[in-house]
Amino acid sequence: MTPLRPGLLPLTAEVGADDRLRVGGCDVVGLAAEHGTPLFVYDEAHLRSRAREAVAAFGDGATYAAKAFLCRAMAALVHEEGMGIDVASGGELHVALAAGVPAARLVLHGNNKSEGELARALSVGVGRIVVDSLDELDRIEALVAAGAPAPRVLVRITPGVEAHTHVYVMTGQADSKFGFGLASGAAADAVARAQASPAMDLVGVHAHIGSNVFLLSSFAQAVEVLADFVVPLGLPELVLGGGLGVAYVEGEDAPTISEWAAVLAKACAEAGISSRVAVEPGRAIAADAALTLYTVGTIKEVAGIRTYVSVDGGMSDNPRPVLYGSGYEAFLPRAVAAERPRSVRVVGKHCESGDVIVHQARVPTDLQVGDILATPVTGAYGHSMASTYNKVPRPAVVFVADGRARLVVRRETLDDLLRLDA
């Protein structure tokens, strides 16, 4: 098996004469020694490059989906690069505000926003609220009647488009917990109610078909389906969500943000949609900007079956393989160009047989206990979905740039695990 494809590594990744990986000018094995493992390493230049590409393509309509990965440093970075931020809970809203992001540059999502979440969003002046249910319309109207300022809103609709992706991250089909169905007439009813309500200013329509979508034709299809509904409304904004896929393993290729923008622009022009088009990429900004470093603790040969390589993390820092059957590659940052002929299963340290990080990883023959093992393309939905299962503390996060590593999320400690006990 050949060495890892460079395209799966962050933008500034380089291999020195010693065959060791450097990202952002920092020796990756050295980062593990300094900060411990598991460790998320983000290439700051990569993050900024992807954010700039999104802003160049969509202008003010480029909005980062915070659920992919969020901390104060990340919120500040995308804001500095001109992106708005899509927050899906009161917690994400709190972090973005704490990072100094103006509330007007935030969009509040969620299929079950509480009265408290909505009240805070209204009080701070969140730029847009994406309305997801009749109950939410009731809550907004009650809050405004009690003195809260009337918000600008978009109505989320489900266009009935089934994106080619995992069933758990499909969101545009008629059978969805999100939004108002287009075919059923629920979307038209919700728009009519929002337009008639003095408690809100309806500025647009929102639709999102799913996550990790590789086929740009799926997005074009969504535009085509939406056109007959959107054009007569004459609303100034159309948000087409996020969901652009990224390559995780050898053999995968994904469209760029610029290619995505071109397809959307063409589809909207052909459909007669003149609304400002906005999008909410998250994975496409963060995923391939990062890699996760682990320390190999056990190598177990099960004769005639397979070899298990156990590392010091697992489903608590990357639940995607367990949730979606997601695939990843693995390699040794001390020997990036090495051949990887050995087939192993990389597993975590949790008390679950399903705690698998890479089902069939290719690694060098000299892999040994104590090695630093890396999995690339872990910048989205790894740390953000991390847990403390088995009371394993969550990993640290560093941003690297210009030869310096900046700790942006410290490692959780054992005492942190006791903080919430009453």
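The values are calculated or read from the model by the stated rules, or taken from the named source; none is laboratory data. Just so it is clear, the model here is predicted, and its values are computed rather than measured. Please note: Cβ atoms are built from the backbone with ideal geometry, for glycine as well, and neighbour counts cover all protein chains shown.
Total residues in the stretch 1-24 satisfying the condition of being touching a residue at least 60 places away in the same chain (Cβ under 8 Å) and assigned to a strand (DSSP E or B): the figure is 3.
Among the residues making up the stretch 186-228, those that are part of a loop (DSSP other than H, G, I, E, B), under 30 Å from residue 248 (Cβ atoms) and either modelled with pLDDT of 95 or more or in contact with a Lys or Arg (Cβ under 9 Å, 6 or more places away or on another chain) (or both) are 208, 211, 212.
Only a single item in (1) surrounded by 18 or more Cβ atoms within 10 Å (Cβ to Cβ); (2) farther than 22 Å from residue 252 by Cβ; (3) aromatic (Phe, Trp, Tyr) is not met by residue 331, and it is number (2).
Restricting attention to the stretch 81-118, the residues being part of a loop (DSSP other than H, G, I, E, B), of a type in the set (D, E, K, R) and in contact with a His (Cβ under 9 Å, 6 or more places away or on another chain) number 0. Can you say whether residue 271 is crowded, with 23+ Cβ neighbours inside 10 Å, of a type outside the set (Lys, Arg) and under 30 Å from residue 216 (Cβ atoms), as far as the supplied structure shows? No, not satisfied.
Reported count of residues in the stretch 255-286, each being in a loop (DSSP other than H, G, I, E, B) and within 18 Å of the chain's Cα centre (by Cα), is 5.
Selection of the stretch 347-404 for residues being in contact (Cβ under 8 Å) with a residue 60 or more places away in the chain, assigned to a loop (DSSP other than H, G, I, E, B) and either surrounded by fewer than 17 Cβ atoms within 10 Å (Cβ to Cβ) or at positive phi (or both) yields 368, 369, 370, 377, 381, 387, 388, 402, 403.
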